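The values are calculated or read from the model by the stated rules, or taken from the named source; none is laboratory data. Please read all numbers here as calculations on a predicted model, not as lab measurements. All Cβ positions, even for glycine, are placed from backbone atoms using ideal geometry, and neighbour counts span all protein chains on display.
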Amino acid sequence: MERILSLQLPGEPGETRIAFLEQGRGDPIVFVHGLASSSAMWAEKVFPCLAGAGRLIALDLPGFGKSPALKQELTVARCADVVEAFLDALGLDKPVLVGNSLGGTIVLMVGGRRPTLLRGIVAQGAVISGEDFAKSDGYLTHLSRQWAARMPFAGGLIKQMVLPSLLARVVSCSEALRWDPRGAAIAAKDYLRCNLNAMLSVTEDLMRIDLIDVLERFSVPIIAVDGNEVTISGEIRKETEEKKGEEVIRSERYYGKVARSFTLPHEVDEARVVAKYDDGVLKLTLPMKAKATSKKIAVN
């Protein structure tokens, strides 16, 4: 079901309208999309795999999908503000946040701000270090921003000429889009309708991101998937108390963090990862990424 939610953001004049898709009932799972994407990809590719798993909610960030752009410049922190206001407006109790790419960075930032108010986080391909991101597609986007500043009339051409090269890189590197025409069509549609300024400004901001300190504040399980490497981290809390009648004889408290990494014999399909945390037990479903099928070409 498609819905619109109006939010009041500090410093943003008027209402901020956020479009989102919702399906199912139960424990809330909120999905945040990546750059030049929208809720449509989650609804098309992930929701069917999680039917009956809970209340599935995917929102469009400002300037993407069907959500109008903000009046102010879009940053990662501002996106996190939107997600927090969105969670509060819907009154969601301890949701699981799932994000990929830019969305992964956003949900990690939200988790750092409210570490005890989430049930879990899944971040796929999140940008942790802006320095590393700036060495790849971020640098090209930065150049396109400079070009647009010097040649205002060329702003529309950037979307037609410069940024499509970034999309082409994503398409050429993603096996999923090679064997998934439907997914490719959704990605292309999302890209063509995203707000240019929103995409450029948030991409530039990603080049300045550093979430190392943020990760240390988590108290919910964190699952990081990178190819065939899976890392799970979380916080441990133990409290014991010994009483004699109403008098406390001994009280012990232990706080710590734990992390485990393991490597699988195959790459994981990050878009289909499922994580459930219930009564202290974390259950992971890590589907194998489908291999690209070969095609024979006849030579005449």
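Quick notes
- Boolean, C79 is touching a strand residue (DSSP E or B) at 6+ places or on another chain (Cβ under 9 Å), within 22 Å of L206 (Cα to Cα) and of a type in the set (A, V, I, L, M, F, W, C): yes
- Neighbours by Cβ (under 7 Å, 6+ apart or cross-chain): first from the range 123-137, among the charged types (D, E, K, R); second at pLDDT below 70: D137/L166; D137/R169
- Any hit, the range 14-22, residues being surrounded by fewer than 16 Cβ atoms within 10 Å (Cβ to Cβ) and out of contact with any strand residue (DSSP E or B) (no Cβ under 8 Å at 6 or more places or on another chain): yes
Listed here are the residues, each with its yes/no results for (1) part of a strand (DSSP E or B); (2) among the small types (G, A, S); (3) modelled with pLDDT of 70 or more.
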{"site": "T231", "(1), (2), (3)": "yes, no, yes"}
{"site": "K243", "(1), (2), (3)": "yes, no, yes"}
{"site": "G256", "(1), (2), (3)": "yes, yes, no"}
{"site": "P265", "(1), (2), (3)": "no, no, yes"}
{"site": "A290", "(1), (2), (3)": "no, yes, yes"}
{"site": "K295", "(1), (2), (3)": "no, no, no"}
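- Of all residues in the range 100-112, one or more are touching a Phe, Trp or Tyr at 6+ places or on another chain (Cβ under 9 Å), surrounded by fewer than 18 Cβ atoms within 10 Å (Cβ to Cβ) and modelled with pLDDT under 95.
- The set of residues in the range 19-68 that are among the acidic types (D, E), under 21 Å from R119 (Cα atoms) and in contact (Cβ under 8 Å) with a residue 60 or more places away in the chain contains only D27.
- Which listed residue, of A43, A53, A58, is out of contact with any Cys (no Cβ under 9 Å at 6 or more places or on another chain) and over 19 Å from D190 (Cβ atoms): A53
- Among the residues of the range 183-210, those identified as at pLDDT below 85, closer than 17 Å to A43 by Cβ and surrounded by fewer than 17 Cβ atoms within 10 Å (Cβ to Cβ) are A184, A185, A188.
- When V76 is tested against (1) over 15 Å from the mean Cα position of the chain (by Cα); (2) on the phi < 0 side of the Ramachandran plot; (3) buried (at least 18 other Cβ atoms within 10 Å of the Cβ), exactly one condition is not met: (1).
- Total residues in the range 1-18, condition within 19 Å of the chain's Cα centre (by Cα) and without any contact (Cβ under 8 Å) to a residue 12 or more places away in the chain: 0
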